[in-house]
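Asker: Can you read through this structure? Questions will come right after.
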Amino acid sequence: MIKNKAEFLREFMDQVWNKQGFDKIVTYIHPEYTIHLDTSDPWEGATLNHKEFAIRLKFSFDSFSDMNFEIMSAIEEEGHVSITWILTGTNDGEIGGFPATNRSIKANGQTIYHFTDGLISGHTQVFDRVTVMKQLGFM
């Protein structure tokens with residue numbers, strides 16, 4: 001049983017997202033991970049198994065191999081942890097059918113992570129993708 005979900009989530013963001021820890025997915029992610037709301041995410045509304053979650057990660061890293069999330073705040077509830085974050089990275093791979101721009105991005109977002117059986121079982125997210133598109137020169 002997790003003593004502190006917020007700390008568990010911070011570890012997940014560092015180990016899986018910031019360090020691209022594909023081998024750590026099973027440590028943090030429930031076998032049924034649902035993306036409840038994440039506008040413009042190709043997997044919005046889907047429930048992913050570990051393999052599908054890894055494919056989603058690779059999709060993100062293929063566009064921004066150096067992506068990094070800086071967690072600004074974390075608020076823990078019984079079955080959820082809400083975090084605010086700053087995403088940085090360099091677009092060094094294709095994104096949305098467009099070739100790499102090699103431009104850097106910096107954008108804010110908030111994610112509410114859902115927990116089931118002590119593991120992260122999904123998320124609801126608001127992400128400033130308009131700012132990202134402007135920074136990449138698409139708008």
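No lab work stands behind these numbers, since they all come straight from the coordinates. Remember, predicted model here, so these are calculated numbers, not experimental data. As a convention, Cβ positions derive from the backbone with ideal geometry for all residues, glycine included, and neighbour counts pool all protein chains shown.
Asker: Treating only the Cβ atoms of Lys and Arg (+1) and Asp and Glu (-1) as charged, compute the dipole magnitude of the stretch 5-135 about its Cα centre; round to the nearest 20 debye.
Answerer: Details: 11 positive and 19 negative charges, 80 e Å.
Taking the Cα centre of the stretch 5-135 as origin, the dipole is about 380 debye.
Asker: Could you tell me which label, among (1) 20, 16, 16; (2) 30, 16, 11; (3) 25, 16, 14, carries the value of semi-axes √(5λ) of the Cα gyration tensor in Å calculated for this structure?
Answerer: Read-out taken from this structure: (3).
Asker: While we're looking at this one, here's another question. Which residue, F8, L87, L57, has the largest displacement toward the positive end of the dipole of the chain when charges sit on each Cβ (Lys, Arg +1; Asp, Glu -1)?
Answerer: The residue sitting most towards the positive pole is L87.
Asker: Could you check the spin-label model distance between K19 and L37? Points 7 Å from the Cα along Cα→Cβ, value in nm.
Answerer: 3.3
Asker: Still on this model: Taking Cα centroids, how far is the stretch 101-139 from the stretch 7-52 in Å?
Answerer: 13
Asker: Assuming 0.36 nm per residue, please report the length gained on full extension of the stretch N4 to V26 beyond their Cα-Cα distance.
Answerer: Numbers: separation 22, 0.36 × 22 = 7.92 nm, distance 1.82 nm.
This chain segment gains 6.1 nm when fully extended.
Asker: Using alpha carbons only, how many degrees (0 to 90, rounded to 10) separate the axis of helix 50-63 from the longest principal axis of the chain?
Answerer: 30
Asker: Same structure, new question: So, in nm, how far is label R103 from label I55 when the simple model puts each one 7 Å beyond its Cα toward the Cβ?
Answerer: 3.0
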